[in-house]
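The values are calculated or read from the model by the stated rules, or taken from the named source; none is laboratory data. Since the model is a prediction, treat every value here as computed from it, not as a measurement. Cβ placement follows ideal geometry from the backbone for every residue including glycine, while neighbour counts extend to all protein chains displayed. Quick note on the areas: whole protein, heavy atoms, side chains included, nothing else; ligands and nucleic acids left out. Shrake-Rupley method; radii C 1.70, N 1.55, O 1.52, S 1.80 Å.
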Amino acid sequence: MDLLALRRGDETAFRELVRDLNPALLRLAVVYSPTRAVAEETVQETWIAVLRGIDGFEGRATLRTWICRILINIARRRAASENRTLPFSSFAADDEDGQPVIPPERFLQSGPYAGHWATPVHDWAEIPESRLLQQEFKGVVAEEVARLPPTQRIVITLRDVEGWSTEEVCELLNIEPGNQRVALHRARHRVRAALERYMSLKTAER
Amino acid sequence: MENAVIIEDPPELPDDLPPAVQAICQTGDVEEMACAELVDRITDYLEGVLGPEVTLRLNNHLATCDSCEHYVAQLRTVIRTTGSLPSEQLTEEAEDQLVDIYRQWIAERDSE
Ligand SMILES: [Zn+2]
């Protein structure tokens, strides 16, 4: 991103930045907001704050990390002023739901093969394409992501939807790489389980 | 520094095990890694942060366990599908509104 162009008043540079970053900002804002309208307002407020602060941006973080951090701060401030309970105040807490990512009964409990699958894991590639509606498949994923606890949702959104690096996610959320991986692990497994339920419905339809 | 990996013969399955169970676990490396451990470590594996020794154990397991192979393939499908979710672009109107804010900011700044 051409920061100088942005400071100079280059509208094309600004449009590019908005197109590039707005989807991620909206996805983040939605996690922190009670309604879609509040999320959109938060995003707009963020852009205003970005412009006010851009001359002071020193490039210690990447531009998008810096902008996303502004959004999170605004979203938190709004939540506090509206007396809303924040979805979370620290990032470590909400992933400690204590649930194993796979129900223990999926594995043999005893015998020489204890810890191995008790029932086979299906090869999704064997399910005929015709029964898999791509749109439906994506819909299942989107719905499950929306149901995740906030930390898992934000981590999987930034890493797997937006394609951010571990380093950038950790810097934005101020968490350790290990904690970030735990959240990612849980999030991916919950989405997998949702797809597995969907797939077993689909295979039962034959 | 690294222990040699010894792949032993699989233990004999008890005769009374239902055929379905026998069909699942033909890994022959129960000493090495159980499927449950593979599941626990899979994100670290995909993220490339497992040590070389564990990576080797995991690869050995994966090479012989169909269910785990399918499992990892499922996770890759999850990652691919999550990455293909449509991103929401601003309406032209909303984008123009932001550009107006930008123009206003430039004008105010330049008049200072
Ligand atoms: Zn296995």
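Observations
- Cα-based Kirkwood hydrodynamic radius, segment A:137-206, one decimal, Å: 12.7 Å
- Kirkwood-type radius of segment A:3-81, with distances r between different C-alpha atoms, in Å: 12.9 Å
- Panel note: contact residues of segment B:35-56 (accessible area lowered by at least 20 Å² against the chain on its own; 1.4 Å probe) correspond to B:CYS35, B:ALA36, B:VAL39, B:ASP40, B:THR43, B:ASP44, B:GLU47, B:VAL49.
- Between A:ALA49, A:ALA13, A:ALA118, the residue with the greatest mean-square fluctuation in the GNM of chain A (Cα pairs under 10 Å linked by springs) is A:ALA118.
- Adding -39500 (n - 2.57) for every DSSP H run of four residues or longer, then dividing by how many residues chain A holds, sets the calculated 222 nm ellipticity at -19500 deg cm²/dmol.
- When the other protein chains are added to the chain by itself, burial of at least 10 square angstrom of heavy-atom accessible area (probe 1.4 Å, ligands and nucleic acids ignored) affects these residues of segment A:12-31: A:PHE14, A:ARG15, A:VAL18, A:ARG19, A:ASN22, A:PRO23, A:LEU26, A:ARG27.
- Contour minus Cα-Cα distance for A:GLN135 and A:ARG7 (0.36 nm per residue): 42.0 nm
- Partner shielding of B:65-71 amounts to 5, given as the average count of beta-carbon atoms from other chains within 10 Å of each residue beta-carbon.
- Cα→Cβ-extended label distance, 7 Å offset, between A:LEU201 and A:ASN174, nm: 4.1 nm
- Residue mean of other protein chain beta carbons inside 10 Å, A:175-186: 2
- Think of each Lys and Arg Cβ as +1 and each Asp and Glu Cβ as -1; about the Cα centre, that makes the dipole of chain A roughly 280 debye.
- Pairing chain A with chain B buries about 4900 Å² of accessible area. This figure sums both sides and uses a 1.4 Å probe.
- Between B:GLU69 and B:GLU92, the contour length at 0.36 nm per residue exceeds the Cα-Cα span by 3.7 nm.
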